[in-house]
1. Counting Lys and Arg as +1 and Asp and Glu as -1, each charge on the Cβ, what is the dipole of the stretch B:2-257 about the Cα centre in debye, to the nearest 20?
2. Do the sum for chain A: with -39,500 (n - 2.57) for every DSSP H run of n ≥ 4, divided by all residues, what is the mean residue ellipticity at 222 nm, to the nearest 500 deg cm²/dmol?
3. What net charge is computed for the residues neighbouring A:I32, neighbours being all others with C-beta under 13 Å from the C-beta of A:I32, Lys and Arg scored +1, Asp and Glu -1?
4. Just tell me which lysines come within less than 21 Å, Cα to Cα, of A:K391; anything on the same chain fewer than 8 places away is out.
5. Is there a simple number for the mean count of other chain Cβ atoms within 10 Å of the Cβ of residues in A:289-302, and what is it?
6. Out of A:N263, A:T93, A:S108, whose Cα points farthest toward the positive end of the dipole of the stretch A:77-392 (charges: +1 Lys, Arg; -1 Asp, Glu; placed on Cβ)?
7. If we sort B:134-142, B:122-130, A:141-149 on the protection proxy, mean other Cβ atoms within 10 Å, highest first, what's the order?
8. Order of A:C27, A:C307 from fewest to most other C-beta atoms within 10 Å?
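Read-outs: derived from the displayed coordinates by stated rules, not from any lab. As the structure is a prediction and not an experimental result, all values here were calculated from the model. Ideal geometry is used to build each Cβ from the backbone, glycine not excepted, and the neighbour counts take in all protein chains shown.
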Amino acid sequence: MNVWNKLLLILFMAFGAASHGSTLEICSTCPIKSIKEGIDQAQAYDTLLIKKGTYLEFDIIVDKPLTIIGKDYPVVDGEDQGEIFTVTSDNVTIDGLFIINVGTSYTSDYAAIRVVKSKNFLIQNVVLEKLFFGIYLEKSTDGRVFHNKIIGDAVEEFNSGNGIQLWYCQNVSVENNIVQHVRDGIYLEFSDQIVIKNNISTNNVRYGLHFMFSNDDLYQDNTFENNGAGVAVMFSKKIKMYNNTFKKNWGAASFGMLLKEINDSEIIGNTFEENTVGISIEGSNRINYKENDFVNNGWALKVRGACYSNVFSSNNFLYNSFDVSYNSKLNDNSFSGNYWSNYTGYDLDKNGVGDVPYRPVKLFSYIVNRTPETIVLLRSLFMDIIDFSEKVSPVFTPDNLRDNSPLMKKLQ
Amino acid sequence: MLKILKYSFYDLMRSRWSYVYFIFYLLLGFVLLFLNNDVSKAVITLMNIIIVLVPLIATIFGVMYYYNSKEFTELLLAQPIKRTSIFLGQYLGVSGSLAMSLVLGLGIPFTLYGLLKSNAIWDFSLLLVAGAFLTFIFTALAFNIALSNENKIKGFGYAVLLWLFLAVIYDGIFLISLIIFEEYPLDNFSLVSTMLNPIDLSRTLILLKLDISALLGYTGAVFKKFFGTNFGFFVSMGVLMIWTILPVWRMVHKAKRKDF
């Protein structure tokens with residue numbers, strides 16, 4: 001924090017030096033009593049300093065390049081009337097506000113802070129509660145959403161909004177935010193060159209992270225835990241996902257991560273723990289899966305079809321009920337150099353690589369795909385016997401689906 | 001009854017079978033942990049062993065003990081002792097010593113390997129509880145078989161068949177019927193079928209701890225209720241109790257009427 005504070009200070013000083021803006025104070029005893037008044041009276045590049053107190057305001061339109069700073073977290077209460085801040089100007093900073101009671105509407109997406117067609121915005125240290133949509137970025141570029149806390153009270157999908165939503169945005173970074181109890185924690189649509197870093201998105205009604213048609217994005221060091229349906233990423237290209245954690249997404253339609261029509265991407269160093277399905281892959285090609293840990297999932301990987309030229313290497317598959325499940329006999333993906341805790345082979349030449357190939361798809365997973373109720377027979381002796389016979393001579397599972405160089409020791 | 005229980009218990013101790021069984025589990029526990037170096041993985045391997053071996057050993061041992069001590073039983077019957085206490089005493093002596101060997105034999109190595117600090121402790125205790133239940137259930141079933149069959153060969157044959165049926169064949173029939181009737185709603189059927197077999201039942205109980213994430217992958221309200229809440233745990237435990245009480249009751253009932 002200290003480093004950031006210093007950086008910010010430098011930033012402000014730079015701005016100040018460039019624009020010579022003045023500071024306007026807003027409080028209940030000041031000449032300026034409301035934020036709207038403050039914005040009316042301010043010149044471009046001025047700073048509005050909002051002091052502690054409660055401001056019952058909504059539909060605040062920021063149409064000048066202003067720096068709006070809250071001191072000791074002043075409360076901006078929208079009284080469920082509608083949208084609270086709408087930023088339409090470039091170079092706007094919103095910092096340190098506590099915004100509550102955003103209006104709910106079924107026809108328009110009211111947000112606590114909406115940024116429309118702006119550049120160089122900065123939204124930081126904001127706390128949002130009782131919201132519909134949280135931070136809604138629309139056709140905006142070159143901005144930053146940093147260190148905000150969004151706590152919703154969503155119960156149903158149809159009458160709740162998303163925590164941080166990016167729509168047709170470019171070059172925005174979303175970092176160190178905490179998003180809880182909203183519909184989709186972080187939602188991106190048609191947004192390119194976005195960096196999503198160090199966020200914690202938990203307990204959301206639908207997805208922790210959801211993106212569609214968003215290319216060239218980087219997702220790093222985020223945690224997605226206990227979300228209704230995990231994380232869904234669809235119809236995108238050139239995505240990089242590094243060191244994220246996907247945890248405890250349980251349920252029939254729940255995934256650690258759902259990949260649908262994702263091409264030419266990299267999924268490296270992530271941890272998938274205790275999910276019903278670690279990664280569910282559908283129609284995704286040329287993806288590099290490396291150094292991921294799949295721990296205690298029901299299914300580590302569920303490959304559903306039309307997945308070609310994917311490479312799975314150097315991953316740890318630890319104590320999953322099923323390592324890989326396929327629903328067809330075709331396979332064009334390669335598995336090599338992974339560690340499988342279910343591997344029972346030996347290593348006579350002691351080079352750390354097992355001498356017998358490992359077949360990650362069990363016959364039982366094929367049966368469960370067909371008749372889901374058979375899941376109650378998991379780990380029974382009968383199943384072990386038929387799995388063994390399938391292992392010796394594969395009939396139902398893809399013949400070439402095997403890891404020819406399974407590791408003997410877990411990758412650190 | 002207590003006297004007879006004590007006698008059976010010490011008899012098993014003296015004949016060294018309890019020790020053999022105890023040492024077998026002790027070695028198994030140490031070897032498993034030595035090879036795996038990981039408590040949670042060892043628990044999974046152990047589950048397979050408990051579900052297959054414990055019923056087998058309990059069945060064979062129960063039948064063997066009954067036939068072996070038959071002359072002594074007849075001697076006791078000539079004394080003014082209640083039949084119930086003779087048979088219950090013998091039964092509790094055998095199953096008690098088997099269960100103790102199991103719990104101690106596996107408990108010691110796991111405790112030494114730092115189980116108490118690991119979070120696998122609940123899975124492991126559940127495993128031991130399930131193992132103890134299986135011992136009691138299968139010893140009772142074995143006593144039933146032995147009481148009903150004077151012929152030793154026949155008795156052994158039935159006992160092995162019983163184990164084979166419940167451990168392997170039952171699941172095979174279960175699986176085939178699930179696949180044949182896959183067009184129909186099968187949630188209730190599959191859960192009830194699991195309840196009807198003590199081996200499947202204790203497996204389910206352990207699965208509830210180990211593989212809960214996979215079990216929740218199936219869309220079905222009944223499944224969701226059973227596996228998603230504590231409901232499944234309590235029902236399984238309850239049915240396991242019934243599975244213990246029923247064979248014991250039948251054994252006592254049969255013994256009362258039997259003409260020796």
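1. On the way: 19 positive and 12 negative charges, 204 e Å.
That gives a dipole near 980 debye.
2. Numbers: 4 runs with 45 residues, N = 412.
Result for chain A, helices only: -3500 deg cm²/dmol.
3. On the way: positive: A:K33, A:K36, A:K51; negative: A:E25, A:E37, A:D40, A:D46, A:E57.
That works out to -2.
4. A:K391 reaches A:K302, A:K329, A:K362.
5. Working: counts 0, 0, 0, 0, 0, 0, 1, 6, 4, 8, 3, 0, 0, 1.
Across the residues of A:289-302, the mean count of other-chain Cβ atoms within 10 Å is 2.
6. A:N263
7. So the peptides B:134-142, B:122-130, A:141-149, ranked by packing, come out B:134-142, A:141-149, B:122-130.
8. Values: A:C27 16, A:C307 23.
Fewest to most other Cβ atoms nearby, the residues stand as A:C27, A:C307.
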